[in-house]
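The values are calculated or read from the model by the stated rules, or taken from the named source; none is laboratory data. The structure presented is a predicted model; accordingly, all values stated were derived computationally and were not measured. Here the Cβ positions follow ideal geometry from the backbone for every residue, glycine too, while neighbour counts run over all protein chains shown.
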Amino acid sequence: MTTEQTSQEHKKTGLDSSLVLASASPRRRELLGQIGLSPTIMIADIDENPQKHEKPQPYAVRMASEKVLKVRNQNADAVNKFILAGDTVVARGQRILPKTEDEASARTCLALLSGRRHRVYGGIALISPDGHLRTRLVTSMVRFRTLTPDDIDSYIATGEWQGKAGGYAIQGMAAIFVQQISGSYSNIVGFSLFDVAAMLGGQGFDVMHMPDMI
């Protein structure tokens, strides 16, 4: 079925084609706004603790999936809409770095990332109005220069690390630490916009008429 046929089918069945973002993240909301999308925000309160021995790749996809499923199951207004969620996981090897809530954990993360490469995994989940769940995993590589104690102290003072996966926000002052990026920059911020647009477009949601991205 083509994108146009899918869109027509949604109209025929009376399904609502509006978009819900299952996230409280202002970064993801801003990224979607960058490509002209203004979703309704419905926050999914889930347990974000990794399971025992869980690897970062499946963890990122599981978190995104649980967010969209919880929003759909608990909000009647979301049932006939596209529901989108993402989760960002920073990992050193197979070690999942936390979303830092205190200075000690932020310092630990920055020390682990100093002078090394790490991966940022972006889990994306989309439930279309027909109830079908689709997921993707996007991987970006980031290399930090070696950080001095003064570098870490100065970054901690900015407060940008609060609630950030791996203890940093690449769109902020931490950009001066980044020597190299491989892969999607927007994935590191919160969403791979290419992949979000491709997933939505593949289900008939008109994102700037981009059927070639399916």
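Just so you know, in region 68-106 the residues that are in contact with a helix residue (DSSP H, G or I) (Cβ under 6 Å, 6 or more places away or on another chain) and among the charged types (D, E, K, R) include one that is farthest from ALA174 (Cα to Cα), and it is ARG72. Among the residues of region 124-171, those that are of a type in the set (D, E, K, R) and within 16 Å of the chain's Cα centre (by Cα) comprise ARG134, ARG136, LYS164. Restricting attention to region 193-214 and to residues that are touching a Gly at 6+ places or on another chain (Cβ under 8 Å) and part of a loop (DSSP other than H, G, I, E, B), the residue that is modelled with the highest pLDDT turns out to be VAL207. Looking only at residues in region 172-192 that are surrounded by fewer than 22 Cβ atoms within 10 Å (Cβ to Cβ) and of a type in the set (Phe, Trp, Tyr), the one that is nearest to the chain's Cα centre (by Cα) is TYR185. May I ask you to verify whether SER38 is over 19 Å from GLY183 (Cα atoms), out of contact with any Lys or Arg (no Cβ under 6 Å at 6 or more places or on another chain), among the hydroxyl-bearing types (Ser, Thr, Tyr) and surrounded by fewer than 15 Cβ atoms within 10 Å (Cβ to Cβ)? Yes: the conditions hold for SER38. Which residue is nearest to ASN187 (Cα to Cα), if the candidates are limited to region 16-34 and must be under 15 Å from the mean Cα position of the chain (by Cα) and not in a helix (DSSP H, G or I)? Once the filter is applied, the top-ranked residue is SER25.
Could you list, in sequence order, all residues of region 103-126 that are among the β-branched types (Val, Ile, Thr) and farther than 30 Å from MET199 by Cα? Of everything in region 103-126, just one residue is among the β-branched types (Val, Ile, Thr) and farther than 30 Å from MET199 by Cα, namely THR108. Which of (1) at pLDDT below 95; (2) assigned to a loop (DSSP other than H, G, I, E, B) does GLU54 not meet, given it meets every other one? Tallying (1) at pLDDT below 95; (2) assigned to a loop (DSSP other than H, G, I, E, B), GLU54 fails exactly one: (1). For region 150-167, the candidate set comprises residues that are in a loop (DSSP other than H, G, I, E, B) and free of Cβ contacts under 8 Å to residues at least 60 places away in the same chain; within that set, the residue that is surrounded by the most Cβ atoms within 10 Å (Cβ to Cβ) is GLU160.
Listed here are the residues, each with its yes/no results for (1) under 30 Å from LEU200 (Cα atoms); (2) among the polar types (S, T, N, Q).
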residue: LYS70; (1), (2): yes, no
residue: GLY86; (1), (2): yes, no
residue: ALA91; (1), (2): yes, no
residue: SER105; (1), (2): no, yes
residue: ARG116; (1), (2): no, no
residue: GLY122; (1), (2): yes, no
residue: ALA125; (1), (2): yes, no
residue: ARG143; (1), (2): no, no
residue: GLY163; (1), (2): yes, no
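Going by what's in this entry, would LYS11 be described as among the charged types (D, E, K, R), surrounded by fewer than 15 Cβ atoms within 10 Å (Cβ to Cβ) and at pLDDT 90 or above? So LYS11 does not fit the description; no.
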